[in-house]
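The values are calculated or read from the model by the stated rules, or taken from the named source; none is laboratory data. Quantities reported herein were computed from a predicted structural model and do not represent experimental measurements. FYI the Cβ positions are ideal-geometry reconstructions off the backbone, even for glycines, and counts take in every protein chain you see. Protein only, heavy atoms only, side chains kept; ligands, DNA and RNA dropped before computing areas. Shrake-Rupley method; radii C 1.70, N 1.55, O 1.52, S 1.80 Å.
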Amino acid sequence: MSKALNKNITVQGLLELFPSELLDKLSDKTNVDHQVKKLFGKNMFYLLLYGFLESSRASLRSLEDVYNSHKFKFLFNIDQQNVTKFNSLSDRLESMNPDFFKRIYEYAHSMLSKWYTDSEAENYSIIRVDSTLVKEVANKLREGITTANQHNSRKHIKFTIAMDDLFPLDAEVFTDKQYSNENHSIPEVVINQDNKLGIFVFDRGVNSRDKFNEFDNLNKSFVTRISPTKQLNVITKNKMDSDKYNNLLIQEDLIVNLFNRRHQRSNPFRLIKTIKNDGSNEELWFLTNCLDLKTSEIVAIYRKRWDIEVFFRFIKQELNFSHFVSTKVNGIKNILYITLTLAILILIYKKQNNIGYKTAVRRFRIELD
């Protein structure tokens, strides 16, 4: 760990990474303040950052109250005569260029990643990729993937996020029906990542043999689970370095071809067969194109996929990500990037002060005040 992080870090120290001059510069580059007289990009950044911490369930009404409060204006050096209404905030969120908040997020990620030396990481980076859904009654959400049941029709937005050992790396917003299938959403995020040392780990929602081939042909290392199948060809058996990992009994380590729906053989992949040692005898099969790692390492890498589930729960429960502040895709993207930026700040604060998620959010809020 770098010397800058050998002691507890303060909220003030984190916020100093976003000086007014930087935000003004990003505003100019993204033209986010074109023909805007009051709700400048910089002020919207301050509002969303502070408003999401201030309220347990942020809404346009609560953001209006925050923006018009003397405390908020004092904290962020905004003219006390500068007031707004919730509908103006709605219009601004929906019209703002998402590149403004995306660049702030990318800046935060690049700056804070430098605080950690390579010695902290393993020889490879594990990149967890998964999706989460946020749903709303259909007539409230302008765009989205429609689902229906016997009671009402709902729409949902799909967020697919890639996350390394520290921070979220990338995020995509999907509203088209085809992306309800993980064979479309997760591969798009994996392929867009330019991480040569990374091993992507994702759940068995991705089961397309053609996508596995595509990852392998693009030299994208991956670890996933597949459902047990008889549709495979065993090429060779590997010598196992271990016959047990936690509550799993490792049965076989194989090199196999799988078959797609057209009965075509896949590239050779490594298949590790395990069974739960808890009386259920449930089979868990792990598939990868990593040939040099130990059998137990492959299983351990897959287990780390759970970290992104914890991250989703964190941003939904603690950072207001379980409902829509804006109902247009443009506004939703803005909220996504500000949420990821705030999440990065809190994850650093949590890590450096050696505390839990809830405590980190509470203390971050208190210290901000």
Could you run through region 283-318 and say how many residues are under 13 Å from the mean Cα position of the chain (by Cα) and aliphatic (A, V, I, L, M)? 3
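Considering only region 137-170, state which residues are among the basic types (Lys, Arg), modelled with pLDDT of 85 or more and either under 20 Å from the mean Cα position of the chain (by Cα) or assigned to a loop (DSSP other than H, G, I, E, B) (or both).
Lys158
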Criterion violated by Trp115 - all others in (1) of a type in the set (A, V, I, L, M, F, W, C); (2) at pLDDT 85 or above; (3) assigned to a loop (DSSP other than H, G, I, E, B) satisfied: (2)
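For every residue, the table says whether it meets (1) part of a loop (DSSP other than H, G, I, E, B); (2) buried (at least 16 other Cβ atoms within 10 Å of the Cβ); (3) in contact with a His (Cβ under 8 Å, 6 or more places away or on another chain).
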position	(1), (2), (3)
Ser242	yes, no, no
Ile250	no, yes, no
Thr274	no, yes, no
Phe286	no, yes, no
Leu293	yes, yes, no
Glu297	no, yes, no
Phe312	no, yes, no
Scan region 318-332 and give yes if some residue there is under 26 Å from Lys230 (Cα atoms) and open to solvent by 60 Å² or more (accessible area, probe 1.4 Å), otherwise no. no
Might you let me know whether region 300-310 holds any residue that is hydroxyl-bearing (Ser, Thr, Tyr), more than 27 Å from Asn217 (Cα to Cα) and crowded, with 20+ Cβ neighbours inside 10 Å? no
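Yes or no, residue by residue, for (1) under 23 Å from Phe215 (Cβ atoms); (2) touching a strand residue (DSSP E or B) at 6+ places or on another chain (Cβ under 8 Å):
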| residue | (1), (2) |
| --- | --- |
| Asn277 | no, yes |
| Glu297 | yes, no |
| Ile308 | yes, yes |
| Ser322 | no, yes |
| Thr339 | no, no |
| Ile348 | no, no |
| Lys351 | no, no |
| Ile366 | no, no |
Return the total of residues in region 332-347 being over 11 Å from the mean Cα position of the chain (by Cα) and among the aliphatic types (A, V, I, L, M). 7
Among the residues of region 118-131 satisfying the criterion of being at pLDDT below 95 and open to solvent by 10 Å² or more (accessible area, probe 1.4 Å), which is nearest to Thr175 (Cα to Cα)? Ser125
Scanning region 264-319 for residues that are among the basic types (Lys, Arg), under 30 Å from Thr339 (Cα atoms) and in contact with a helix residue (DSSP H, G or I) (Cβ under 9 Å, 6 or more places away or on another chain) gives Arg313
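Specify which of the listed residues (Leu26, Leu60, Leu22, Leu17) is in contact (Cβ under 8 Å) with a residue 12 or more places away in the chain, among the hydrophobic types (A, V, I, L, M, F, W, C), open to solvent by 10 Å² or more (accessible area, probe 1.4 Å) and touching a Ser or Thr at 6+ places or on another chain (Cβ under 6 Å).
Criteria check complete, one pass: Leu60.
One residue is enough: does region 359-368 have a residue meeting the conditions under 21 Å from Val129 (Cβ atoms) and touching a residue at least 60 places away in the same chain (Cβ under 8 Å)?
Pass one, region 359-368, residues under 21 Å from Val129 (Cβ atoms): none.
There is no residue in region 359-368 that is under 21 Å from Val129 (Cβ atoms) and touching a residue at least 60 places away in the same chain (Cβ under 8 Å).
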Region 191-218, subset modelled with pLDDT under 95 and assigned to a helix (DSSP H, G or I), residue surrounded by the fewest Cβ atoms within 10 Å (Cβ to Cβ): Asn192
If you take the residues of region 252-270 that are surrounded by 18 or more Cβ atoms within 10 Å (Cβ to Cβ) and touching a residue at least 40 places away in the same chain (Cβ under 8 Å), which of them is nearest to Asn238 (Cα to Cα)? Asp253
If Tyr179 meets every condition in (1) open to solvent by less than 10 Å² (accessible area, probe 1.4 Å); (2) at pLDDT 90 or above apart from one, which number is that one? (1)
If only one of Ile235, Ile226, Ile199 is over 21 Å from the mean Cα position of the chain (by Cα) and touching a residue at least 60 places away in the same chain (Cβ under 8 Å), which one is it? Ile226
Restricting to region 343-366, name every residue that is in contact with a helix residue (DSSP H, G or I) (Cβ under 6 Å, 6 or more places away or on another chain) and of a type in the set (A, V, I, L, M, F, W, C). Ala343, Ile344, Leu345, Ile346, Ile348, Ala360, Val361, Phe364
